[in-house]
Amino acid sequence: MRIGVLSERGERERRVALSPDGARRLGDSGHVIVVEKGAGENAGFRDDEYLHVGASVATRAEVIEAAGAVVGIDGPDEAALSEPEWSALGSDHLVVALHDPLGQPERATALAATGATTLSLELVPRTTRAQSMDVLSSMATVAGYEAVLLGASRIPKMIPMLMTAAGTVPPARFLVLGAGVAGLQAIASARRLGAVVEAYDIRPAAQEQIRSLGARAVELELDTADSEGAGGYAAEQTDEQNRRQLELLAPYVAEADVVITTAAVPGATSPELVTPSMIEAMRPGSVVVDLAAERGGNTRLTRPDAEVDHAGVLILGPTDLTSRAPTTASQMFSTNVVSLLRHLAPDGELALDLDDEIIAGTVLTLDGDVRHPAVRERLGLADPAGATSGAAPSPAESTVSTSIEGESP
Ligand code: NAD
């Protein structure tokens, strides 16, 4: 395959979808790599590093025209597709990127209209087999780590316990709400800085993982029997469950110097985990870092990429955390993309096997149509015959294994 790598256009975006090492590995598998000039620069990869591993460098239009497969972090939206550089995109193309298919399903309609086959990296099934292709987990890992650094840098305290001639300084307290991939990485990172860490997740299965990282698992008197939905994800809670959860979490929030919220429910707006009155009970100078800012936030005060001061507490809703470690994030993203492309073209030629659960689950558009059932449903389209469910795997298929290396308790 001829694989084209595009530079990213997003204002805060610093990542690149394929690193020079990824280009080398795909080259070793018989693929030809063309990289847009300067594509890796913000992530710390110079054009000559790509040239050194046998890739070539070209303009954006040349990359799109020449490539059989175009890879990027953020796929083209409707506005981008109307630009002349994308006019060459057609049925001979494969586009592999994040397309936000559940958040912005209209993008899938625009992509389908080009005739290109598109794969949406958000849709890669969260199964053991597809773990090496799971960009959501990779990027959540980076975001969880960066959220801790951000919170740590904004509180008026040092983090670890200090025993000095000037007295004993107690450690800072971190509370992590939502212990999925990002939350577990946040716990491990805050522990490494020396913080006392407490964490809560609605899924009872997360408690063991929280403890294994040396944090205290907050246990609330809540009926969480139905809290785990398909694929090991959280299910949406009732209003009464949410109300009770807020009430029980309030004293933990009040004690924290940094609250990191990561709670998300696939396909739904993020639940409110911290109310304004809970924030008012925190000490002035404390910080809330809300990783759910893009999907409505875990506090109603969160504003994406803005700093909100509420009663002396700083509420941060960064949406660019992965771009704050662009080299690492790009290396991980690239490894995921290489795995997926190798899976799609095991012998160097594209073989789109729709009987394969990973491929079937990841295809967004095919033959001029939106194929993914969950996205079709959002668009109000009838379910086509032959499409697989493609949705998140059942808990039985999914291994809920989010092990993060870290301190033992
Ligand atoms: P996510 O980003 O969808 O959500 C983050 C966390 O928020 C989840 O742990 C969720 O339970 C939690 N949450 C939702 N509502 C909440 C509430 N009201 N209160 C407290 N917490 C709440 O999740 P994710 O990080 O993408 O991972 C979700 C699940 O998928 C996890 O169980 C993870 O272990 C699993 N997973 C499995 C694989 C695999 O097997 N390959 C890969 C990645 C993740």
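The values are calculated or read from the model by the stated rules, or taken from the named source; none is laboratory data. As the structure is a computational prediction, the values presented were derived from the model and not from experiment. Don't worry about glycine lacking a Cβ; one is built from the backbone with ideal geometry, like all the others, and counts go over all protein chains shown. Just the protein is used for accessible areas: all its heavy atoms, side chains included, with ligands, DNA and RNA removed. Shrake-Rupley method; radii C 1.70, N 1.55, O 1.52, S 1.80 Å.
From the helices alone, meaning DSSP H stretches of at least four residues, give me the mean residue ellipticity at 222 nm for the chain, per-run term -39500 (n - 2.57), in deg cm²/dmol to the nearest 500. Spell out each step's value before the answer.
Numbers: 13 runs with 129 residues, N = 409.
Value at 222 nm, helices only, nearest 500: -9000 deg cm²/dmol.
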Open item on the list: For segment 92-151, which trypsin sites (Lys or Arg not before Pro) pass both filters: DSSP loop (anything but H, G, I, E, B) and at most 15 other C-beta atoms within 10 Å?
Closed with: R129
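Might you tell me the accessible area per residue for segment 1-74, computed with a 1.4 Å probe and given in Å²? If you can, show how the numbers build up before the last one.
Working: 3230 Å² over 74 residues.
It amounts to 44 Å² per residue over segment 1-74.
Hull surface divided by four, with the convex hull built on the Cα atoms of segment 135-213: how many nm²? Intermediate values should be presented prior to the final figure.
Numbers: hull surface 22.0 nm².
Averaged projected area of segment 135-213's Cα convex hull equals 5.5 nm².
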Task: All-pairs alpha carbon distance profile, segment 141-186, 10 Å steps from 0, percent - done: 26, 42, 24, 8, 0
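Just to be sure I follow: if Rg is taken over the C-alpha atoms of segment 140-323 and Rh is the Kirkwood radius over the same atoms, what is Rg/Rh? Can you show the working numbers first?
Details: Rg = 15.4 Å, Rh = 16.2 Å.
Using only Cα positions, Rg/Rh for segment 140-323 is 0.95.
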TODO: Just the number, please: carbon plus sulfur as a percent of the accessible area of segment 140-323, 1.4 Å probe, no ligands or DNA/RNA counted.
DONE: 53 percent
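Can you divide the C-alpha Rg of the chain by 2.2 N^0.38 Å and report the result to two decimal places? Can you show the working numbers first?
Details: Rg = 22.1 Å, N = 409, 2.2 N^0.38 = 21.6 Å.
My calculation over the Cα atoms of the chain gives 1.02.
May I ask you to compute the full-extension gain from A66 to V308, defined as 0.36 nm times their residue separation minus their alpha-carbon distance, rounded to one decimal in nm?
Working: separation 242, 0.36 × 242 = 87.12 nm, distance 4.61 nm.
Result: 82.5 nm gained on full extension.
Find the relative contact order for the chain and round it to a whole percent, using C-alpha pairs within less than 8 Å whose residues are 6+ positions apart. Each step should come with its number before you reach the end.
Numbers: 915 pairs, mean separation 80.3, N = 409.
20 percent.
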- [ ] Round to a whole angstrom and tell me the spacing of the C-alpha centers of segment 127-149 and segment 313-336.
- [x] 10 Å
Task: Computed FRET value (nearest 0.05) for R9 with A268, which takes r as the C-beta separation and R₀ as 45 Å - done: 0.95
TODO: Mind giving me the nanometre distance, one decimal, between the label points for E236 and Q131, set 7 Å out from Cα along Cα→Cβ?
DONE: 3.2 nm
- [ ] Report the relative contact order of segment 140-323, percent, no decimals, based on alpha-carbon pairs under 8 angstrom and at least 6 residues apart.
- [x] 20 percent
- [ ] Principal axes first, then extents: for the Cα atoms of segment 267-343, list largest minus smallest coordinate on each axis, whole Å, largest first.
- [x] 52, 27, 16
TODO: About the Cα centre of the chain, how large is the charge dipole given +1 on each Lys and Arg Cβ and -1 on each Asp and Glu Cβ? Please answer in debye to the nearest 20.
DONE: 1180 debye
- [ ] Once you have the Cα-Cα distance between A166 and S56, take 0.36 nm times their residue separation minus that, and quote the gain in nm to one decimal.
- [x] 33.6 nm
Open item on the list: In segment 10-36, whose amide N lies under 15 Å from the spot 7 Å out along Cα-to-Cβ of D77? List them in ranges.
Closed with: 10-13
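Given +1 on the Cβ of Lys and Arg, -1 on the Cβ of Asp and Glu, and no further charges, what dipole in debye does segment 140-323 carry about its Cα centre, rounded to the nearest 20?
Working: 14 positive and 23 negative charges, 142 e Å.
My answer is approximately 680 debye.
Quick check: convex hull over the Cα atoms of segment 66-125, volume per residue in Å³, rounded to an integer?
Numbers: hull volume 4.6 nm³, N = 60.
In segment 66-125, the Cα hull volume divided by residue count equals 77 Å³.
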- [ ] Just tell me, in residue order, which DSSP H segments of the chain are both 27 angstrom or longer along the helix axis (alpha-carbon based) and at least 0.5 in mean Kyte-Doolittle hydropathy.
- [x] 135-154
Open item on the list: Tell me the per residue accessible area of segment 221-377 using a 1.4 Å probe; a whole number in Å² is fine.
Closed with: 42 Å²
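Can you tell me the length gained on complete extension of the stretch R211 to R2, counting 0.36 nm per residue apart and subtracting the Cα distance?
Computed gain between R211 and R2 is 70.6 nm.
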Task: Computed label-point distance, nm, for sites E280 and K37 using a 7 Å Cα→Cβ extension - done: 5.8 nm
- [ ] Specify which residue in the list L222, A281, P105 is farthest towards the positive end of the charge dipole of the chain, using unit charges on the beta carbon of Lys, Arg (+1) and Asp, Glu (-1), about the Cα centre.
- [x] A281
